[in-house]
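The values are calculated or read from the model by the stated rules, or taken from the named source; none is laboratory data. All values reported here derive from a predicted model rather than from experimental measurement. Reconstructed Cβ throughout: ideal geometry from the backbone, glycine too, with neighbour counts over all protein chains shown. Just the protein is used for accessible areas: all its heavy atoms, side chains included, with ligands, DNA and RNA removed. Shrake-Rupley method; radii C 1.70, N 1.55, O 1.52, S 1.80 Å.
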Amino acid sequence: MESTAYLTGQILLAMPGIGDPRFERAVIAMCAHDAQGALGIGIGEVIAGLTFHELLGQFDIDPGNVADAPVHAGGPVEPRRGFVLHSTDWAGQDTIDVAGRWGLSGSIDVLRAIAEQRGPSRWLVALGYAGWGEGQLDGEMTRHGWFNIAGDAAMLFDVDTHARWESCFRRSGIDPRLLANDAGNA
């Protein structure tokens, strides 16, 4: 039986020329990956014109004194479904621990907790997710298109959204300016 390296808790980066415009320069925080499939949240792009305070307003939640923040484009699947990636110092009923590196919550309780300043100390909000069926991501990882690095909270919460793609490659010792758009054949 062939062993599969699962990517939960990793950061998945789209290589130049991936061939799918939805994932051009994508940075995806992988939250689940097993034999049944994979799920990640895009953290490399924000949704223009939508902020956290506006999102809270859609749920009649008073933002109180919490800082406003952009909302990330989490992925092409279910773009109206919300997720919060957050520090591990808070957990709600539906929170999934992602390899001890960050939490993933998808219910309204995390939004209320953040607004009331009793939630996680660090967080980012996204709409939608990137999903792969059984074996799909495993197959994609064997071809040109994706690169993965170890994930950590600093990449999620300390690096500016628009700098994440380049920063992740640089952290791996790769100058992204030198990446080719096409794969070669030998």
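Which residue is farthest from T161 (Cα to Cα), if the candidates are limited to the stretch 105-138 and must be touching a residue at least 60 places away in the same chain (Cβ under 8 Å) and of a type in the set (F, W, Y)? Taking the candidates together, the pick is W132. Contact map, the stretch 42-54: residues that are under 25 Å from N65 (Cβ atoms) paired with residues that are outside any loop (DSSP other than H, G, I, E, B) and open to solvent by 60 Å² or more (accessible area, probe 1.4 Å), Cβ distance under 7 Å, separation 6+ or inter-chain. Pairs shown: V46/P70; T51/P70.
Suppose the filter is under 26 Å from R170 (Cα atoms), loosely packed, with under 15 Cβ neighbours inside 10 Å, touching a residue at least 24 places away in the same chain (Cβ under 8 Å) and not polar (S, T, N, Q); does G75 pass it? No; evaluated as a whole, the condition is false for this residue. In the set D89, D109, only one residue is more than 22 Å from D60 (Cα to Cα), over 17 Å from the mean Cα position of the chain (by Cα), surrounded by fewer than 17 Cβ atoms within 10 Å (Cβ to Cβ) and of a type in the set (D, E); that residue is D89. Give the stretch 77-124 a look and list any residue that's assigned to a strand (DSSP E or B), on the phi < 0 side of the Ramachandran plot and of a type in the set (D, E, K, R), or say none. Residues satisfying the conditions are R80, R81, D97. Of the residues making up the stretch 47-77, just one is β-branched (V, I, T) and more than 23 Å from the chain's Cα centre (by Cα), namely I61.
Counting just the residues of the stretch 1-38 that are open to solvent by 40 Å² or more (accessible area, probe 1.4 Å) and part of a strand (DSSP E or B), which one comes out nearest to D158 (Cα to Cα)? Only one residue tops the list, namely A32. Residues that are closer than 17 Å to A150 by Cα, assigned to a loop (DSSP other than H, G, I, E, B) and either open to solvent by 60 Å² or more (accessible area, probe 1.4 Å) or at pLDDT below 80 (or both) within the stretch 163-186 comprise just one, G173. Applying the criterion of being in a loop (DSSP other than H, G, I, E, B) and over 20 Å from P16 (Cβ atoms) to the residues of the stretch 149-162, the residue that is least open to solvent (accessible area, probe 1.4 Å) is G151. Residues in the stretch 125-148 that are open to solvent by less than 10 Å² (accessible area, probe 1.4 Å) and either under 21 Å from V46 (Cα atoms) or not in a loop (DSSP other than H, G, I, E, B) (or both): V125, A126, G128, A130, L137.
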